[in-house]
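Down below is the structure, laid out as structure tokens.
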Amino acid sequence: MTYGPVLLCGLCLCLSPLPTRRLLSPSPSASLTTTTVRCSKGEMAVVKCIRVHELGGPEVLRWEQVEVGEPKEGEIRIKNTAIGVNFIDVYYRQGVYSAPLPFVPGREAVGVVTAVGPGLTGRKVGDVVAYAGNPMGSYAQEQIIPASVAVPLPPSIDHNTAAAIMLKGMTAHVLLRRVYKVQSGDCVLVHAAAGGVGSLLCQWANALGATVIGTVSNEEKAAQAAEDGCHHVIIYTKEDVVTRVKEFTAGKGVNVVYDSVGKDTYKGSVECLAWRGMLVSFGQSSGRPDPIPLSDLASKSLLVTRPSLMHYTATRDELLESAGEVFANVGSGVLRIRVNHTYPLSQAARAHADLQARKTTGSILLIPDDA
């Protein structure tokens, strides 16, 4: 929708609330490993998962036993081997985004197909697949997902790497190649440059020939951001971001700002933009930003967008293209993924606490306790 010189896109990269997978049913006590029992409804896998019964802090993540049945038409059942942790999982746990209670969090995993729905072709038991986005429910030893969202995993990419990069990597692809197509000679600003998505944005933008400016909170993260391709790194706890950006750009500002922080940064992000620059808001780790008055944008004909990954991978072809570019860039060495933190699935609450306390860098994985 266009308002004079200003384009406003009311989208959200943090995955619009959509139907979750079929809920698992509570099960009697059993061991942590996956077992199979027979009942009148057919075979039921007894598994462990993380479930949320009430909204709140990390302590609401409960380690529970459930049963999951056979996949229906168009579905597959996968035994997860590695599960990605993303800030959107925190948003759902807190209630920033809504989901029917109780729910199993998680939007990203790699696993082995253990069952295939009736009549489904192109998938077989034993296939290794990865998925990211919808449906929600990856914090489980085993789950059922639509076959259409599963992407075959190239043998050259290990499970942990794929689970760490699917959602973040496709997010980076959409931001850099679809939402704003970064070109050689562009100048980009990446907030949270040492984070999971931020790290990939810096590496990829640098490879595309852009000048990359990154913001981080401390010296350790600054070193990582520089290693990931940032030409200039701003430690925002010690330096004024707007002032430094203007210094680095000779007062012109940047062509695009990638902002996953939200409330604490969006005003400065707008100030950092050059004429006809674009603010890409794709997260709100510091809270929901206040509304931006149109007058703040009109003075430089600025663009603001809040994109959804799901809107850019809505078709099977778009999904395969995005995942394929991510895997290709991993294979070529353009993208290096840091799996700096792994936790047993049963300790998801500790992973969330560390993520929110900014104790983590790079990617976080949950490993199913029986893997």
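The values are calculated or read from the model by the stated rules, or taken from the named source; none is laboratory data. What you see is a predicted model; the values in this text were computed from it and never measured. Cβ sites come from the backbone with ideal geometry, for glycine too, and all protein chains shown count toward neighbours.
Answer with yes or no whether VAL182 is outside any helix (DSSP H, G or I) and either within 24 Å of the chain's Cα centre (by Cα) or within 24 Å of GLY84 (Cα to Cα) (or both).
Details: outside any helix (DSSP H, G or I): yes; either within 24 Å of the chain's Cα centre (by Cα) or within 24 Å of GLY84 (Cα to Cα) (or both): yes.
Taking the combined requirement at face value, the residue satisfies it.
Restrict the check to segment 258-265 and report whether at least one residue is touching a Pro at 6+ places or on another chain (Cβ under 9 Å) and within 18 Å of ALA205 (Cα to Cα). Yes, because at least one residue in segment 258-265 is touching a Pro at 6+ places or on another chain (Cβ under 9 Å) and within 18 Å of ALA205 (Cα to Cα). Criterion first (of a type in the set (Gly, Ala, Ser) and over 24 Å from TYR343 (Cα atoms)) does GLY119 satisfy it? Spelling it out, GLY119 is indeed of a type in the set (Gly, Ala, Ser) and over 24 Å from TYR343 (Cα atoms). Residue check: GLY283 meets all listed conditions (1) closer than 22 Å to GLN203 by Cβ; (2) in contact with a Phe, Trp or Tyr (Cβ under 9 Å, 6 or more places away or on another chain); (3) surrounded by fewer than 16 Cβ atoms within 10 Å (Cβ to Cβ) but one, namely (3).
Restricting segment 192-206 to residues that are in contact with a Ser or Thr (Cβ under 9 Å, 6 or more places away or on another chain) and assigned to a helix (DSSP H, G or I) leaves a set whose member that is nearest to ALA274 (Cα to Cα) is ALA205.
Results for (1) touching a Phe, Trp or Tyr at 6+ places or on another chain (Cβ under 9 Å); (2) of a type in the set (D, E, K, R); (3) in the same structural domain as CYS272 (by TED's automatic domain parsing), shown as yes or no for each residue.
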{"site": "ARG178", "(1), (2), (3)": "yes, yes, no"}
{"site": "GLY195", "(1), (2), (3)": "yes, no, yes"}
{"site": "SER199", "(1), (2), (3)": "no, no, yes"}
{"site": "TRP204", "(1), (2), (3)": "no, no, yes"}
{"site": "GLY214", "(1), (2), (3)": "no, no, yes"}
{"site": "ASN218", "(1), (2), (3)": "no, no, yes"}
{"site": "CYS230", "(1), (2), (3)": "no, no, yes"}
{"site": "VAL233", "(1), (2), (3)": "no, no, yes"}
{"site": "LYS238", "(1), (2), (3)": "no, yes, yes"}
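The residues in segment 293-326 that are within 29 Å of SER156 (Cα to Cα) and assigned to a helix (DSSP H, G or I) can be counted, and the count is 15.
Comparison of THR305, THR315 shows that the only residue that is of a type in the set (S, T, N, Q) and surrounded by fewer than 17 Cβ atoms within 10 Å (Cβ to Cβ) is THR315.
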